[in-house]
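Q: Can you read through this structure? Questions will come right after.
The values are calculated or read from the model by the stated rules, or taken from the named source; none is laboratory data. Keep in mind it's a predicted model, so treat the numbers as computed, not measured. Positions of Cβ are generated from backbone atoms using ideal geometry, with glycine treated the same way; all protein chains shown enter the neighbour counts. Side chains included, ligands, DNA and RNA excluded: accessible areas come from the protein's heavy atoms. Shrake-Rupley method; radii C 1.70, N 1.55, O 1.52, S 1.80 Å.
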Amino acid sequence: MRNTHDVEFNPMETGMQPFPWNTANVVDLPGVGTPVDSLTDPSRIPGGPGARLAAARTQGVRFKREFATTGTPDSITTCDLVTLPYPTRFGLFRASRAVAPFLSITNRMLVIRWHESDGRARVLLFEPSDVELGQYTPYFDRLSRRTPAPVTRLMLTRYATVLEHLATLGIAPQDVDYLLFDHLHTQDLRRWVGTTAYQEDLGGRPEAAFPNAKVIVQRDELAGMAELHPLQKPWYQPAAYRDVPPEAFLPIEGSVVLGPGVAVVKTPGHVFGNQSLVVNTSTGIWVSSENVIAAECLTPEHSKLPGLARWSREWEYEAVLNANTIETTADQYNSVVLEKTLADPSQKDPRFLQFFPSSELTGAWTNPGTTPTFSHHALTHTR
């Protein structure tokens, strides 16, 4: 079957807009969660990036104290989706001295369940990537075309799909309330939320796999996707949103507490509308995003990866960013500092924090010099 991603989508030739709706006509549904007043949108903090960095530290301390009192969710389960190659120069921005041009990252989904104060059960899927369709992201599509099949088989491992994991957990798709991504790079949501028209590459008009779920997304990111900048284009699939119903999205502005021990914190930089998951668990507070790809990237002074400790010492940087896009690098750095402030030390090794990368660096013999010093592998919690 011919896939529409096989050719570059040109809206001027087709007469169609790849992203026909914007933040003005996205349906405003009833608000979700409780807005976080103690965290200011960084873009609204007076002064330059240094002032925003100072605010990230002080506001993070205050919010962490407040958030710890909200309780904990019922459970958190980690589900492996795919391990794939990723350029070392992106994942370990400027710091790595590894000889391998590629490292490996593992994308994982978190399944979070809690009960509202009125007894209603909630299910949130964090990073429920449709791996099959995500491979057509322009950058990864071009990379796969240039990579010999035997090499691809060596470096790419697919695990169970989102729906297979949910079946194992005994969760019906119609019981899922929220889909949440730290940002929408690589994401094709058509099979998750359905479409309003026939999809040639899918051979039909897909019904929503999650008919009752809403996609929680920062309004800033939707605004950015309406007209992509060249720095953004390799990482989004705008044509995949052409026929996605606007009412599938639940746009938010800033940070919100969704439920007991579950929050979405705005962390701009990697993309303008980046957001992080923050959860309170039996081991303390965890943070998850793709702002960095390894826990040691938040404390590089303890890293044994070639180059990281020396680089952070020489440049006096306290984090090694994941920098495939550098929309606003200073803001991403500040967001990582906020994440550092929120995350508790790991109970396995307190030199590292309970930061769980949504795409975690994974050691492989094919990628010398990129085996992490420390890995979480999973984030689990049961109340």
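Q: Considering only the stretch 38-81, how many residues are modelled with pLDDT of 95 or more, open to solvent by less than 40 Å² (accessible area, probe 1.4 Å) and of a type in the set (Asp, Glu)?
A: Residues in the stretch 38-81 being modelled with pLDDT of 95 or more, open to solvent by less than 40 Å² (accessible area, probe 1.4 Å) and of a type in the set (Asp, Glu): 1 in total.
Q: Pick from SER129, SER117: which is in contact with a Phe, Trp or Tyr (Cβ under 9 Å, 6 or more places away or on another chain), within 30 Å of THR382 (Cα to Cα) and either open to solvent by 10 Å² or more (accessible area, probe 1.4 Å) or part of a strand (DSSP E or B) (or both)?
A: Sole residue among the options that is in contact with a Phe, Trp or Tyr (Cβ under 9 Å, 6 or more places away or on another chain), within 30 Å of THR382 (Cα to Cα) and either open to solvent by 10 Å² or more (accessible area, probe 1.4 Å) or part of a strand (DSSP E or B) (or both): SER129.
Q: For the stretch 272-291, indicate whether the set of residues that are in contact with an Asp or Glu (Cβ under 6 Å, 6 or more places away or on another chain), open to solvent by less than 20 Å² (accessible area, probe 1.4 Å) and of a type in the set (A, V, I, L, M) is non-empty.
A: Looking for residues that are in contact with an Asp or Glu (Cβ under 6 Å, 6 or more places away or on another chain), open to solvent by less than 20 Å² (accessible area, probe 1.4 Å) and of a type in the set (A, V, I, L, M), one finds at least one in the stretch 272-291, hence yes.
Q: Please go through the stretch 191-219 and give me each residue that is surrounded by fewer than 23 Cβ atoms within 10 Å (Cβ to Cβ), of a type outside the set (A, V, I, L, M) and not in a loop (DSSP other than H, G, I, E, B), ordered by number.
A: Across the stretch 191-219, the qualifying residues are ARG191, GLN199, GLU200, ASP201, GLY204, LYS214, ARG219.
Q: What about ASN367, is it touching a residue at least 60 places away in the same chain (Cβ under 8 Å), crowded, with 21+ Cβ neighbours inside 10 Å, assigned to a loop (DSSP other than H, G, I, E, B) and touching a Leu at 6+ places or on another chain (Cβ under 6 Å)?
A: When the stated conditions are applied, ASN367 passes them.
Q: Cβ-Cβ distance below 8 Å, separation of 6 or more or different chains: which pairs start in the stretch 288-314 with a residue that is within 19 Å of VAL99 (Cβ to Cβ) and without any contact (Cβ under 8 Å) to a residue 40 or more places away in the chain and end on one that is in a helix (DSSP H, G or I) and open to solvent by 10 Å² or more (accessible area, probe 1.4 Å)?
A: ALA309/GLU301; ALA309/HIS302
Q: On the basis of being closer than 23 Å to ASP201 by Cα, over 15 Å from the mean Cα position of the chain (by Cα) and of a type outside the set (D, E, K, R), does ALA213 make the cut?
A: Taking the combined requirement at face value, the residue does not satisfy it.
Q: Could you check how many residues of the stretch 339-360 are in contact with a Leu (Cβ under 8 Å, 6 or more places away or on another chain) and under 17 Å from ARG52 (Cα atoms)?
A: Total meeting the criteria: 2.
Q: Would it be correct to say that ILE326 is open to solvent by 20 Å² or more (accessible area, probe 1.4 Å), touching a residue at least 24 places away in the same chain (Cβ under 8 Å) and not in a strand (DSSP E or B)?
A: On the way: open to solvent by 20 Å² or more (accessible area, probe 1.4 Å): yes; touching a residue at least 24 places away in the same chain (Cβ under 8 Å): yes; not in a strand (DSSP E or B): yes.
The answer is yes for ILE326.
Quick grid of which residues meet (1) modelled with pLDDT of 95 or more; (2) under 20 Å from the mean Cα position of the chain (by Cα); (3) more than 30 Å from VAL151 (Cα to Cα):
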residue	(1), (2), (3)
GLY307	yes, no, no
ALA343	yes, yes, yes
GLN347	yes, no, yes
TRP365	no, no, no
ARG383	no, no, yes
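Q: Here is a follow-up. Only residues that are part of a strand (DSSP E or B) and open to solvent by 40 Å² or more (accessible area, probe 1.4 Å): list them for the stretch 370-383, please.
A: Within the stretch 370-383, THR382 is the sole residue that qualifies.
Q: Could you figure out which of (1) surrounded by fewer than 16 Cβ atoms within 10 Å (Cβ to Cβ); (2) modelled with pLDDT of 95 or more; (3) under 24 Å from LEU202 (Cα atoms) isn't true of ARG142?
A: (2)
Q: Can I ask one more? Do any strands (runs of 3 or more DSSP E) lying entirely in the stretch 257-300 carry at least 1 residues that are in contact with a Phe, Trp or Tyr (Cβ under 7 Å, 6 or more places away or on another chain) and closer than 15 Å to TRP114 by Cα, and which ones are they?
A: 262-266, 275-281
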